[in-house]
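See structure below.
The values are calculated or read from the model by the stated rules, or taken from the named source; none is laboratory data. Remember, it's a predicted structure, so these values are computed and weren't measured experimentally. FYI the Cβ positions are ideal-geometry reconstructions off the backbone, even for glycines, and counts take in every protein chain you see. Calculation scope for accessible area: heavy atoms of the full protein, side chains included, ligands and nucleic acids excluded. Shrake-Rupley method; radii C 1.70, N 1.55, O 1.52, S 1.80 Å.
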Amino acid sequence: MGQSERGILTISYGKERYIRMGKALAHSVRHHDEEENLAVVTDRPEELSELYDHVIPVDHSFGDGVAQKLNLDHYTPYEETLFVDSDCLFYGPTGLLWEYFGGDNGFGVRSWGPLSYENECQGVADFDWYLDHYGLDHVHNIKGGFYYFDNSSTAADVFDTARVIYQNRDFVGLTSFKNAPVADEVVIATAMEICNAPPVLIQAPDQPPVNTFLGRIEPVDINVLKGESHFIKNGTSVAPTAIHYGIGTQDGYCYLRDVRRLELKGGIAAEWRARATARSEAASRWVKRKWQNIEERTEEVGPLGVLPGRLLRRLQIEGPDSR
């Protein structure tokens, strides 16, 4: 595949909810930036070809879930790539993200700072041993919803090193993450340290053009069609250009309302319908999630599993997370 210009790449395959996320992401980008180049890795080309400039078949040999992200360089059709998780939405033009992540390093990702000895690191069974094994005194706590990379040797080295780490995942004590054999963030962060590729540090009071919705508090004032993305995060008012709706917020009213706004854009009573259907869908997902929690607790602790997780914790009865 010949490479040209720059563009945004995402992965959207498998269950219908992930295909829907891919559609919503593309709609949000096109709404604010019609000229942006878009590429998608998918197993449903017939559903996404009208929204994306490049539709790339998913290669299941790369692994499940986020393990796919260790092979973004094999997928991209661009000389410069901004990878964006499919559960993100854009609330403005993409230019600010290119300015923030791009640069001379060849590889860019956000970091909250280093994780070192005696810290816990998601995705690693014994982090102190892991650091010793690779001869490192830290790896960065990166946020993998957005990755920038180009076709430089630096980016190639990071991906090649990440794949070697992945192949040795059992030996070095990497643990599964959701439906993936590993968490991509610790693998990429380790590869970046080995390759001397520094991340983009998040430093207060700077407000990066991207943020996660997890942990936000009221007031929340977001509207994807109007480009409004204001909410309170860690005591600070933020208004990112792109919001990452990770686990815990993908099923929430705010995300689903904006997805429905994009799906119903230009239709009759679109705003009213978006709000009404999003509330119904969010409520249905909440009930389903709670019922799954009850079933899991019941399998662990018997009939007492029907009790709320908080009560079980007070009674010192352990279920799966006592949720």
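In summary, strands (runs of 3 or more DSSP E) completely within the stretch 138-249 and bearing 2 or more residues that are polar (S, T, N, Q) and over 25 Å from His27 (Cα atoms) occur at 236-238.
Checked against the criteria, Asp87 counts as touching a strand residue (DSSP E or B) at 6+ places or on another chain (Cβ under 8 Å), under 19 Å from Arg110 (Cα atoms), open to solvent by 10 Å² or more (accessible area, probe 1.4 Å) and not aliphatic (A, V, I, L, M). Counting only residues that are under 12 Å from Gly145 (Cβ atoms) and either at pLDDT 95 or above or touching a helix residue (DSSP H, G or I) at 6+ places or on another chain (Cβ under 9 Å) (or both), the stretch 210-229 holds 2 of them.
Yes or no, residue by residue, for (1) open to solvent by 20 Å² or more (accessible area, probe 1.4 Å); (2) among the β-branched types (Val, Ile, Thr); (3) modelled with pLDDT under 90; (4) more than 19 Å from the chain's Cα centre (by Cα):
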{"site": "Thr236", "(1), (2), (3), (4)": "yes, yes, yes, yes"}
{"site": "Asp251", "(1), (2), (3), (4)": "yes, no, no, no"}
{"site": "Ala276", "(1), (2), (3), (4)": "yes, no, no, yes"}
{"site": "Ser280", "(1), (2), (3), (4)": "yes, no, no, yes"}
{"site": "Glu300", "(1), (2), (3), (4)": "yes, no, yes, yes"}
{"site": "Leu311", "(1), (2), (3), (4)": "yes, no, yes, yes"}
{"site": "Ser322", "(1), (2), (3), (4)": "no, no, yes, yes"}
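Restricting the search to helices (runs of 4 or more DSSP H) fully inside the stretch 4-106 and requiring at least 3 residues that are under 23 Å from Ala180 (Cβ atoms) and among the hydrophobic types (A, V, I, L, M, F, W, C) gives 16-32. Residue check: Trp112 meets all listed conditions (1) open to solvent by 10 Å² or more (accessible area, probe 1.4 Å); (2) in a strand (DSSP E or B); (3) modelled with pLDDT of 95 or more but one, namely (3). Against the list (1) surrounded by 22 or more Cβ atoms within 10 Å (Cβ to Cβ); (2) under 24 Å from Phe213 (Cα atoms), the condition Thr76 fails is (2). Quick one: would you say Gly267 is at positive phi and either open to solvent by 10 Å² or more (accessible area, probe 1.4 Å) or out of contact with any strand residue (DSSP E or B) (no Cβ under 6 Å at 6 or more places or on another chain) (or both)? No: the conditions fail for Gly267.
When each of Ser61, Ser111 is tested for being more than 23 Å from Asn211 (Cβ to Cβ), out of contact with any Cys (no Cβ under 9 Å at 6 or more places or on another chain) and among the polar types (S, T, N, Q), the lone residue that passes is Ser61. For the stretch 278-312, filtering for residues that are farther than 30 Å from Ala24 by Cα and either in contact with a Gly (Cβ under 9 Å, 6 or more places away or on another chain) or of a type in the set (A, V, I, L, M, F, W, C) (or both) leaves 15. Leu70 fulfils the conditions (1) open to solvent by 20 Å² or more (accessible area, probe 1.4 Å); (2) under 20 Å from Phe159 (Cβ atoms); (3) at pLDDT 95 or above except for a single criterion, (1). The set of residues in the stretch 188-234 that are open to solvent by 30 Å² or more (accessible area, probe 1.4 Å), closer than 15 Å to Tyr255 by Cβ and either more than 20 Å from the chain's Cα centre (by Cα) or among the β-branched types (Val, Ile, Thr) (or both) comprises Thr212, Val220, Asp221, Leu225, Glu228. Residues that are touching a Gly at 6+ places or on another chain (Cβ under 7 Å) and either over 17 Å from Gly144 (Cα atoms) or not β-branched (Val, Ile, Thr) (or both) within the stretch 184-196 comprise Asp184, Glu185, listed in sequence order. Could you go through the stretch 116-125 and let me know if any residue there is in a helix (DSSP H, G or I) and either β-branched (Val, Ile, Thr) or on the phi > 0 side of the Ramachandran plot (or both). Scanning the stretch 116-125 turns up no residue that is in a helix (DSSP H, G or I) and either β-branched (Val, Ile, Thr) or on the phi > 0 side of the Ramachandran plot (or both). Across the stretch 140-156, not a single residue is classified as surrounded by fewer than 19 Cβ atoms within 10 Å (Cβ to Cβ), touching a Lys or Arg at 6+ places or on another chain (Cβ under 8 Å) and closer than 24 Å to Asp87 by Cβ.
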